[in-house]
Amino acid sequence: MMAAEAQATRGRGDAPLPPEPILRLRNIHKSFGSHEALRGVDLDIRPGECLGLIGDNAAGKSTLSKVISGTYIPDVGEIELNGRAVRFSTPSEARDLNIEMVYQDLSLCDHVDVVGNLFLGRELKRGPFLDQKRMLAQAETMLAALEIRIPRLTAKVEKLSGGQRQAIAIARAASFEPKILLMDEPTSALAVAEVEAVLGLINRVKARGVAVVLVTHRMQDLFRVCDRVAVMYEGTKVAERAIGETDLQELVDLIVGKGGH
Amino acid sequence: MASYTERQAGSRLADYLSERAQVLSIALFFAICILFFSATTTTFLTTGNLLNVVRQAAPILIVAVAMTLVITTAGIDLSVGSLVALINALAAILMAAGLPWPVVVVLMLVAGGLIGGVQGWFISYQGIPAFIVTLAGLSILRGFALLLTEGYSIPIRDAAGFFWLGRGEVLGFPVPALLAILVAILGFIVMLHTQYGRQVVAVGSNMEAARRVGMPAKRVLASVYVVSGVASAIAGMLIAARLGSGSSNAAQGFELQVIAAVVLGGTSLMGGRASMTGTVLGTMTIAVIGNGLILMHISPFFTQIVTGTIILVAIWMNTRLFDRNWRFARRKPS
Ligand SMILES: Nc1ncnc2c1ncn2[C@@H]1O[C@H](COP(=O)(O)OP(=O)(O)OP(=O)(O)O)[C@@H](O)[C@H]1O
Ligand SMILES: [Mg+2]
């Protein structure tokens, strides 16, 4: 616990030597038709660190995180994981390397129950059959760890509220020992207590050495959990700041493009 | 000071009923059909006739189970009737050519799977709508059946074991009906209790989400057409075994009966929502109506009109009467 807090506050005070990046992106380009969503982005992601990714709507934050999670294949550019060049051709390859993502659109299956969604893609089995009992029991612990309350875990996800759905997507990404956890606006639909729980979660997984990327429009959250902030503008990264060396006003100016670039 | 109270948990029974409203309503409709034909005909409720109904329903049920998987992925397979006819004719031709019947059975199952696989490849890997691919299949496969038989019916001789599949009885119960029940139970287990069933639902519910969590989404999508191909092959052989011949004119309008049965059972054409129990009830309802109308001496052509009407009404009920959660939609006060 002490170590966790010590580590969580690191990066704000006297900057220690930054650890080697676990993931290194170089010159990432991605176009959709004629539209250049990403125009050459460099980014380092370090273990035990939370990187805030901010920028205007359509700046390319989601596209960049999806490149990292293997959902999109970049047109140009290199990705290095632990110093080795990798190329994900499907999200499952990234997932196999412990890269997990909370998608902005959540990516839940409405017609599958809460338990099924938490274990989607890695169902527990007993012989040829789904082990529903064990999945239900583990789902309860997963949700309890995040202080998420959902009355009936066998209810179909379509019957849940927006915030409950978001909580499930977060629990799914965070519960299977990720090494890199990408969260694309994970708190946009959450109430006060639930946001606190997610911020607490980020600090906890950071303390375990997980690299977190947090895309958010809630500036106040950045200062609570992030160690660095990268600002995107029209498909490029325009600035990167250690959290201790910046303030709200500067970040806002950088987002809207008054940062003197 | 306002006092904080916890919301009461809804009653388990109410949850259960609202989740199964669709199946319960088709069960009710089925019961009404049975009561109606029992009252209006003297022969409907005899053991002989009921066994006849289940024997007739067997091929429909077998393909309807597979069609439930297809429709759960938000797809459709219009080619099943033509594939049944092709397999039906091909099996007769091969047996007439002297191949032993067990070999023919295996060959036909493989052929059905392959044909389904080709259609699945076009749908899943080439992104052509299932409706188009299987509509083409409907035409092509029936055409091949006509070409092979030149329109004649081909008799099957000296294959007692094969005939047993279509006409035999075990403890007084027709073999094809037993097979169909086995297939339905298998479908039920696969859908609810296996990873493959979960993948089928996930792909139908949210294909991109299934891909993102690492499911082989395209392979799963293609595979349901293999399943419906194999099921059609079984149905085609059961029909050949019952009639003792193969004909390119077998199973006319079969695809409509199958789709009607599945949709009537509450499986959503939009994908993601499946009900195997509903499919069984829907199939039996279609079979009972077909049988009852004949017993009432109503023109057999009328059955087609009824089947079509059932499809329309069932889909209308699915989309209008039941809301997203299969509850009866209440008008919200505006
Ligand atoms: N699948 C796609 N097809 C076509 N264009 C896309 C696609 N995904 C993203 N884009 C485009 O790429 C640009 C960047 O989109 P992206 O979703 O990355 O923005 P964002 O920074 O996440 O914005 P927001 O804050 O609104 O979520 C946008 O102009 C968008 O229209
Ligand atoms: Mg976004």
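Looking at the range B:185-197, can you tell me whether even one residue there is away from chain A (no Cβ under 14 Å), within 30 Å of B:Gly98 (Cα to Cα) and in contact (Cβ under 8 Å) with a residue 24 or more places away in the chain? There is no residue in the range B:185-197 that is away from chain A (no Cβ under 14 Å), within 30 Å of B:Gly98 (Cα to Cα) and in contact (Cβ under 8 Å) with a residue 24 or more places away in the chain.
The helices (runs of 4 or more DSSP H) found wholly in the range B:1-73 and carrying at least 1 residues that are modelled with pLDDT of 85 or more and closer than 30 Å to B:Glu208 by Cβ occupy B:21-40, B:47-72.
Tell me the residue from A:Arg87, A:Arg39, A:Arg46 that is closer than 26 Å to A:Ile255 by Cβ and away from ligand 1 (no atom under 16 Å from the Cβ), please. Break it down stepwise before answering.
On the way: A:Arg87 fails: closer than 26 Å to A:Ile255 by Cβ; A:Arg39 fails: away from ligand 1 (no atom under 16 Å from the Cβ).
Matching residue, one of A:Arg87, A:Arg39, A:Arg46: A:Arg46.
Screening the candidates B:Leu86, B:Leu114 for the property of being in contact (Cβ under 8 Å) with a residue 24 or more places away in the chain and open to solvent by 60 Å² or more (accessible area, probe 1.4 Å) yields one hit, B:Leu114. Here's a check for you: in the range A:49-68, which residue that is open to solvent by less than 20 Å² (accessible area, probe 1.4 Å) and within 14 Å of another protein chain (Cβ to nearest Cβ) is farthest from ligand 1 (Cβ to nearest atom)? Step by step, filter the range A:49-68, then rank; the result is A:Ile68. Of all residues in the range A:69-84, exactly one satisfies the criterion of being within 15 Å of ligand 2 (Cβ to nearest atom) and open to solvent by 30 Å² or more (accessible area, probe 1.4 Å), namely A:Tyr72. The set of residues from the range A:21-46 being open to solvent by 20 Å² or more (accessible area, probe 1.4 Å) and under 14 Å from A:Asp75 (Cβ atoms) comprises A:Arg26, A:Asn27, A:His29, A:Lys30, A:Ser31, A:Phe32, A:Gly33, A:Ser34, A:His35, A:Glu36, A:Arg39, A:Gly40.
Here's a check for you: in the range A:91-130, which residue that is within 16 Å of ligand 1 (Cβ to nearest atom) and surrounded by 20 or more Cβ atoms within 10 Å (Cβ to Cβ) is modelled with the lowest pLDDT?
Ranking the candidates gives A:Leu106 first.
Working carefully through the options B:Gly214, B:Gly266, B:Gly272, find the one that is modelled with pLDDT under 95, touching an Asp or Glu at 6+ places or on another chain (Cβ under 7 Å) and assigned to a loop (DSSP other than H, G, I, E, B). Can you show your working first?
Values: B:Gly214 fails: touching an Asp or Glu at 6+ places or on another chain (Cβ under 7 Å); B:Gly266 fails: touching an Asp or Glu at 6+ places or on another chain (Cβ under 7 Å).
Exactly one of B:Gly214, B:Gly266, B:Gly272 is modelled with pLDDT under 95, touching an Asp or Glu at 6+ places or on another chain (Cβ under 7 Å) and assigned to a loop (DSSP other than H, G, I, E, B), namely B:Gly272.
How about the range A:104-145: which of its residues are within 7 Å of another protein chain (Cβ to nearest Cβ) and of a type outside the set (D, E, K, R)? Once the filter is applied, which keeps residues that are within 7 Å of another protein chain (Cβ to nearest Cβ) and of a type outside the set (D, E, K, R), the range A:104-145 yields A:Ser107, A:Leu108, A:Cys109, A:His111, A:Val112, A:Gly116, A:Leu120, A:Gly121, A:Pro128, A:Phe129, A:Leu130. Here A:Ala189 fits the description: within 16 Å of ligand 1 (Cβ to nearest atom) and at pLDDT below 90. Number of residues in the range B:26-72 that are in contact (Cβ under 8 Å) with a residue 60 or more places away in the chain and small (Gly, Ala, Ser) equals 5.
Give me a count of the residues in the range A:31-68 that are away from ligand 2 (no atom under 13 Å from the Cβ) and either in contact (Cβ under 8 Å) with a residue 60 or more places away in the chain or over 16 Å from A:Tyr233 (Cβ atoms) (or both). Can you show your working first?
Of the range A:31-68, the ones away from ligand 2 (no atom under 13 Å from the Cβ) are A:31-36, A:39-52, A:68.
Then drop every residue that is not either in contact (Cβ under 8 Å) with a residue 60 or more places away in the chain or over 16 Å from A:Tyr233 (Cβ atoms) (or both), which leaves A:31-34, A:36, A:39-52, A:68.
The number of residues fulfilling the criteria is 20.
Quick one: count up the residues across the range B:208-236 that are open to solvent by 10 Å² or more (accessible area, probe 1.4 Å), touching a residue at least 40 places away in the same chain (Cβ under 8 Å) and within 14 Å of another protein chain (Cβ to nearest Cβ). The number of residues fulfilling the criteria is 2.
The residue that is farthest from the other protein chains (Cβ to nearest Cβ), counting only those in the range A:164-185 that are open to solvent by 20 Å² or more (accessible area, probe 1.4 Å) and touching a Leu at 6+ places or on another chain (Cβ under 8 Å), is A:Lys179. Of everything in the range A:152-162 that is within 12 Å of chain B (Cβ to nearest Cβ) and under 13 Å from A:Leu136 (Cα atoms), the residue that is least open to solvent (accessible area, probe 1.4 Å) is A:Ala155. Checking each residue in the range A:100-124 for being more than 16 Å from ligand 2 (Cβ to nearest atom) and on the phi > 0 side of the Ramachandran plot picks out only A:Gly121.
The values are calculated or read from the model by the stated rules, or taken from the named source; none is laboratory data. Worth saying up front: this structure is predicted, and the values here are computed from it rather than measured. Cβ atoms come from the backbone with ideal geometry, glycine included; neighbour counts cover every protein chain shown. Keep in mind that these areas ignore ligands, DNA and RNA; they rest on the heavy atoms of the full protein, side chains included. Shrake-Rupley method; radii C 1.70, N 1.55, O 1.52, S 1.80 Å.
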